[in-house]
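Contents: one structure, followed by commentary.
The values are calculated or read from the model by the stated rules, or taken from the named source; none is laboratory data. Bear in mind that the values here come from a model prediction, so they are computed numbers and not experimental data. Positions of Cβ are backbone-derived with ideal geometry, glycine not excepted, and every protein chain shown enters the neighbour counts.
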Amino acid sequence: MWTPGGDRELALTIGALCSDAQVRQTDKGMQADGDPTEGALVLAAAKWGLDKKGLEQDMPRVGEVPFDSARKLMTTVHTRPQGGYRILVKGAPDVLLERCSHLWVKERRPLSQNNKSQIAAANEKLAQKALRVLGVAFRDVEVLPERMNSGTLERELTFAGLVGMMDPPRQEVKEAVARCEKAGIRPVMITGDHKATALAVARDLNLCREGDLCVTGAELDFMPQELLEADIEKFSVFARVTPEHKMRIVRAWQKKGKVVAMTGDGVNDAPALKTADIGCAMGLAGTDVAKGASDMILTDDNFATIVRAVEEGRGIYANIRKAIHYLLSCNVGEIITIFVATVLNFGQMPLVPVQLLWLNLVTDSLPALALGVEPVEDGVMDCPPRDAGESLFSRAFAIRLAWQGLMVGGLTLTAYFLGRTVMPVAGLADQTANTMAFATLTLSQLFHAYDVRSEKRSLFSVGVLSNPAMNRAFLAGLAMQLGVQLVPFLQKVFSVIPLGLTQWAAVAGLAVAPVLVCEVAKALER
């Protein structure tokens, strides 16, 4: 705190009375309810021995002009015990100083230019320590104006002092900012605080890098929107901004083709929250207006939660791709098998209809669902964001689907020819070929589900058993398929015959082949 004449009691009294926050006693000590900034003022006064309820009994509030982000001030009017009224004002020091004509140094004195320079220097010194600084002032009048508004109350004030408050960033916020940088996400600070305060906090969080600039709302007023859009990437900190400035900043980033997420808690943040692609309101400190204008509400008011949500979102998108990848590549394999058999006129189809229905039940259900709950891959936040207009079926994705589908189909046809020509059961060549093709296609798809768990990383680096749902799906599918192949009653239903060790060895080798082929392909791609 800084006061011209050392009268801290007066400054704290003004701060407590010109606030809507209240203090209550709890098991953990005194706690404030209301706006955090006002709560800090009321708590500071209470620790000085100034109870807000007692102050309000001595000086009841009879009027007020609420805080407004444009004028950056709040004013309350109170009756004085000795008669008359006292107007109390708190707000941005630079704005408040323009409304002051006197200075309180144990008595009311005219405010000189030298006094203004001293106050500005003290404000700058506090702000450079990353403190949020508020100025407090008052005016005593015998009769209130007919209309109580900013113009009639906030003039000819007596400056009483500066109050600095620290809201230290959580440690996880600094880590979250670093993760944003690695993930290709550009965090910027938009605040109503003093420029020096904003810069000090930004540097502490590594938000402001070498070469980055800070711009104030006053400077934005003289900056055309076209120039802001051209230079928006140069700025990391925006200080002393109004709701209109916030909307301009959001639109400037959107003009650059960026997907913009905006966080806020106050009524003045609502327009920018609505304009942004993703509005994130604070659930604890946020106003109902801010929550209503946003797309997402942070229940813990923690920036790090947004970063974790981005990570989880990337994981969900990747899992959707994996499920689609698995289903399409397996279905392409089935189509290739039937298509080739039809074109080459095998005489007998490699698969009968009931077997195709069974395939869809066993391979297209449990493994695909298991891929949907795949754990988020390590390093997902080390990749840049994908283009918002990028198609799910990119060229590389389509090529991967095609060759893996051909692989599954080729392995099935290989099993068919082996069963028909190389290792048929005596007198049952067609049935052997059909049974081996059916077993190979089913089991190869179950093994292929493990390949799809990561597009580039090896299955062994991901962890073969790291997804319990996939392990259960594989075992369930394997048990169901072996039941069809080995139980005599089911053999008749699905038109299969018992296979010998030689045939089963060939089926097992072909079924495991997708894992080996995909591992080699991933290694070559890496």
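Could you say whether any residue in the range 125-146 is more than 23 Å from Gly39 (Cβ to Cβ), surrounded by 13 or more Cβ atoms within 10 Å (Cβ to Cβ), of a type in the set (A, V, I, L, M, F, W, C) and within 46 Å of the chain's Cα centre (by Cα)? No; the residues of the range 125-146 include none that is more than 23 Å from Gly39 (Cβ to Cβ), surrounded by 13 or more Cβ atoms within 10 Å (Cβ to Cβ), of a type in the set (A, V, I, L, M, F, W, C) and within 46 Å of the chain's Cα centre (by Cα). Consider the range 340-394 and keep the residues that are among the aromatic types (Phe, Trp, Tyr) and under 26 Å from Ala429 (Cβ atoms). The one that is farthest from the chain's Cα centre (by Cα) is Phe346. On the basis of being surrounded by 21 or more Cβ atoms within 10 Å (Cβ to Cβ), out of contact with any Leu (no Cβ under 9 Å at 6 or more places or on another chain) and under 18 Å from Ala176 (Cβ atoms), does Val307 make the cut? Yes. Would you say Val250 is closer than 28 Å to Pro66 by Cβ, assigned by TED's automatic domain parsing to the domain that holds Asp288, assigned to a helix (DSSP H, G or I) and modelled with pLDDT under 90? Against the criterion (closer than 28 Å to Pro66 by Cβ, assigned by TED's automatic domain parsing to the domain that holds Asp288, assigned to a helix (DSSP H, G or I) and modelled with pLDDT under 90), Val250 does not qualify. In the range 307-318, the residues that are farther than 12 Å from Gly379 by Cα form Cβ pairs under 6 Å with partners that are among the small types (Gly, Ala, Ser) and surrounded by 15 or more Cβ atoms within 10 Å (Cβ to Cβ), at six or more places apart or across chains, as follows: Val307/Ala176. Any chance the range 217-225 includes a residue that's farther than 22 Å from Gly264 by Cα and in contact with a helix residue (DSSP H, G or I) (Cβ under 7 Å, 6 or more places away or on another chain)? Scanning the range 217-225 turns up at least one residue that is farther than 22 Å from Gly264 by Cα and in contact with a helix residue (DSSP H, G or I) (Cβ under 7 Å, 6 or more places away or on another chain). Among the basic types (Lys, Arg) and farther than 18 Å from Gln445 by Cβ, is that true of Arg400? Against the criterion (among the basic types (Lys, Arg) and farther than 18 Å from Gln445 by Cβ), Arg400 does not qualify.
Picking from residues in the range 448-471 that are touching a Phe, Trp or Tyr at 6+ places or on another chain (Cβ under 8 Å) and part of a helix (DSSP H, G or I), the one that is surrounded by the fewest Cβ atoms within 10 Å (Cβ to Cβ) is Leu459. Please work out if Pro271 is at pLDDT below 90 and in contact with a helix residue (DSSP H, G or I) (Cβ under 9 Å, 6 or more places away or on another chain). No; evaluated as a whole, the condition is false for this residue. Scanning the range 178-203 for residues that are without any contact (Cβ under 8 Å) to a residue 40 or more places away in the chain and of a type in the set (A, V, I, L, M) yields Ala178, Ala202.
The residues of the range 152-175 that are at pLDDT below 90 and farther than 21 Å from Ala121 by Cβ, listed by number, are Asp167, Pro168, Pro169, Arg170, Gln171, Glu172, Val173, Lys174, Glu175.
Based on this model, can you work out whether Val77 counts as within 19 Å of Arg139 (Cβ to Cβ), exposed (fewer than 15 other Cβ atoms within 10 Å of the Cβ) and of a type in the set (A, V, I, L, M, F, W, C)? So Val77 does not fit the description; no. The C-beta contact set for the range 455-476 (first residue in the same structural domain as Pro375 (by TED's automatic domain parsing), second residue assigned to a helix (DSSP H, G or I) and of a type in the set (Lys, Arg), distance under 9 angstrom, 6+ apart or interchain) comprises Glu455/Arg321; Glu455/Lys322; Glu455/Arg400; Glu455/Lys522; Lys456/Lys522; Arg457/Lys522; Ser458/Lys522; Leu459/Lys522.
Looking at this structure, is Arg155 under 25 Å from Leu273 (Cβ atoms) and in contact (Cβ under 8 Å) with a residue 24 or more places away in the chain? Spelling it out, it is not the case that Arg155 is under 25 Å from Leu273 (Cβ atoms) and in contact (Cβ under 8 Å) with a residue 24 or more places away in the chain.
Filtering the range 216-247 to residues that are assigned to a strand (DSSP E or B) and either in contact with a Lys or Arg (Cβ under 9 Å, 6 or more places away or on another chain) or more than 29 Å from Asp387 (Cα to Cα) (or both) leaves Thr216, Ser236, Val237, Phe238, Ala239. Kindly establish whether Gly315 is among the small types (Gly, Ala, Ser), assigned to a helix (DSSP H, G or I), surrounded by fewer than 19 Cβ atoms within 10 Å (Cβ to Cβ) and in contact with a helix residue (DSSP H, G or I) (Cβ under 7 Å, 6 or more places away or on another chain). Yes, satisfied.
To keep it simple, each residue is scored yes or no on (1) β-branched (Val, Ile, Thr); (2) within 30 Å of Ser458 (Cβ to Cβ); (3) in contact (Cβ under 8 Å) with a residue 12 or more places away in the chain.
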position	(1), (2), (3)
Leu344	no, no, no
Asp364	no, yes, yes
Val373	yes, yes, yes
Glu377	no, yes, yes
Ser391	no, yes, no
Ser394	no, yes, no
Tyr416	no, no, yes
Ala433	no, no, yes
Leu443	no, yes, yes
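Within the range 271-296, if we keep just the residues that are part of a loop (DSSP other than H, G, I, E, B) and touching a Cys at 6+ places or on another chain (Cβ under 9 Å), the residue that is surrounded by the fewest Cβ atoms within 10 Å (Cβ to Cβ) turns out to be Asp295. Taken together, Gly161, Gly211, Gly192, Gly217 contain a single residue that is outside the structural domain of Phe238 (by TED's automatic domain parsing) and either surrounded by 19 or more Cβ atoms within 10 Å (Cβ to Cβ) or within 34 Å of the chain's Cα centre (by Cα) (or both), which is Gly161.
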